[in-house]
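Scroll down for the structure; my scribbles are underneath it.
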Amino acid sequence: GENVEQHPSTLSVQEGDSAVIKCTYSDSASNYFPWYKQELGKGPQLIIDIRSNVGEKKDQRIAVTLNKTAKHFSLHITETQPEDSAVYFCAASDYQAGTALIFGKGTTLSVSS
Amino acid sequence: DTEVTQTPKHLVMGMTNKKSLKCEQHMGHRAMYWYKQKAKKPPELMFVYSYEKLSINESVPSRFSPECPNSSLLNLHLHALQPEDSALYLCASSQGGGLTGELFFGEGSRLTVL
């Protein structure tokens with residue numbers, strides 16, 4: 001089955017800096033890679049996703065890159081703000097086959113002002 | 001309306017109690033999920049209902065019993081739980097019935113088993 005590794009487990013940055021979180025996956029059949037943000041006391045919320053036919057996707061300050069050959073994908077947050085502080089989870093699944101998402105272990109991002 | 005609503009937000013129960021967690025969505029989504037989340041861990045999938053039929057049961061103990069009365073409602077019945085079952089229980093939904101696409105999560109029900 002699929003296994004998703006996520007690093008680092010914690011990340012502290014200064015406001016305005018960039019943050020990068022990396023994930024690797026094991027199953028070459030996986031083709032859908034979403035990123036979820038979980039704020040304290042709330043459920044996870046999708047912030048960006050990418051499918052395997054695309055190498056990069058951007059949405060304002062957030063971008064995700066995918067390297068299918070190396071089986072890794074990364075979340076990039078530029079110009080970080082205190083409200084970016086949260087736990088971020090990467091995930092992977094086979095979109096066509098409709099398999100359930102497998103989550104990474106999460107990264108706690110702290111942005112200090 | 002893009003919300004998944006879960007009740008209660010907090011629940012404390014003894015090991016001999018019977019209680020239920022409830023989840024509701026009115027987005028017309030056809031798949032609904034129960035996840036369990038321990039502190040500082042990712043959500044773990046428990047059950048999936050697709051078109052109101054149980055499609056995935058991730059070997060969850062029988063003291064957890066899911067129910068999907070209709071396409072908008074999802075319940076999780078709890079009986080004879082153990083202290084290690086204390087966790088945040090998250091409900092989610094997705095548009096299609098095939099487990100694909102964005103998951104919309106509720107805020108969760110925090111369960112404490114004494």
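Values quoted throughout were computed directly from the atomic coordinates according to the rules given, and no laboratory measurement underlies them. Values in this document were obtained by computation on a predicted structure and should not be read as measured data. When we count neighbours, we look across all protein chains shown, and the Cβ atoms used for this are built from the backbone with ideal geometry, even at glycine.
Filter region B:73-90 down to residues that are among the polar types (S, T, N, Q) and crowded, with 16+ Cβ neighbours inside 10 Å, then give me how many there are. Don't jump to the end; show me each part of the working.
Within region B:73-90, the first condition is being among the polar types (S, T, N, Q), and the residues that meet it are B:75, B:82, B:86.
Next, only the ones that are crowded, with 16+ Cβ neighbours inside 10 Å stay: B:75, B:86.
Matching residues across region B:73-90 total 2.
Sort out for me the strands (runs of 3 or more DSSP E) sitting completely within region B:28-114 that have 2 or more residues that are within 11 Å of chain A (Cβ to nearest Cβ). Even if it seems obvious, please write down each step before you answer.
Values: elements: B:31-37, B:44-50, B:53-57, B:64-70, B:73-79, B:87-94, B:109-113.
Output list reads B:31-37, B:44-50, B:53-57, B:87-94, B:109-113.
Which condition number in (1) among the acidic types (Asp, Glu); (2) touching a Leu at 6+ places or on another chain (Cβ under 8 Å); (3) buried (at least 16 other Cβ atoms within 10 Å of the Cβ) is the one that A:ASP27 fails?
(2)
I'd like to verify a number: residues in region A:79-93 that are buried (at least 18 other Cβ atoms within 10 Å of the Cβ) and either in contact (Cβ under 8 Å) with a residue 60 or more places away in the chain or more than 15 Å from the chain's Cα centre (by Cα) (or both), how many?
The qualifying residues number 8.
Do we find a residue being farther than 28 Å from B:TYR89 by Cβ and of a type in the set (Lys, Arg) anywhere in region A:24-43?
No, region A:24-43 contains no residue that is farther than 28 Å from B:TYR89 by Cβ and of a type in the set (Lys, Arg).
May I ask you to verify whether B:CYS68 is under 22 Å from A:PHE89 (Cβ atoms) and either buried (at least 18 other Cβ atoms within 10 Å of the Cβ) or among the hydrophobic types (A, V, I, L, M, F, W, C) (or both)? Walk me through it before giving the result.
Numbers: under 22 Å from A:PHE89 (Cβ atoms): no; either buried (at least 18 other Cβ atoms within 10 Å of the Cβ) or among the hydrophobic types (A, V, I, L, M, F, W, C) (or both): yes.
Considered against the rule, which asks whether it is under 22 Å from A:PHE89 (Cβ atoms) and either buried (at least 18 other Cβ atoms within 10 Å of the Cβ) or among the hydrophobic types (A, V, I, L, M, F, W, C) (or both), B:CYS68 comes out as no.
Kindly indicate the residue of region A:33-46 that is in contact (Cβ under 8 Å) with a residue 40 or more places away in the chain and surrounded by 18 or more Cβ atoms within 10 Å (Cβ to Cβ) and also nearest to the other protein chains (Cβ to nearest Cβ) among those meeting that condition.
A:PRO44
Residue by residue through region A:71-113, note down the ones that are more than 14 Å from chain B (Cβ to nearest Cβ) and acidic (Asp, Glu).
The answer is A:GLU79, A:GLU83, A:ASP84.
Can you name the residue in region A:55-70 that is basic (Lys, Arg) and in contact (Cβ under 8 Å) with a residue 12 or more places away in the chain and, of all such residues, is nearest to A:SER18 (Cα to Cα)?
Narrowing region A:55-70 to residues basic (Lys, Arg): A:57-58, A:61, A:68.
Still in the list and also in contact (Cβ under 8 Å) with a residue 12 or more places away in the chain: A:61, A:68.
On the way: A:ARG61: 9, A:LYS68: 24 Å.
Among those that are basic (Lys, Arg) and in contact (Cβ under 8 Å) with a residue 12 or more places away in the chain, it is A:ARG61.
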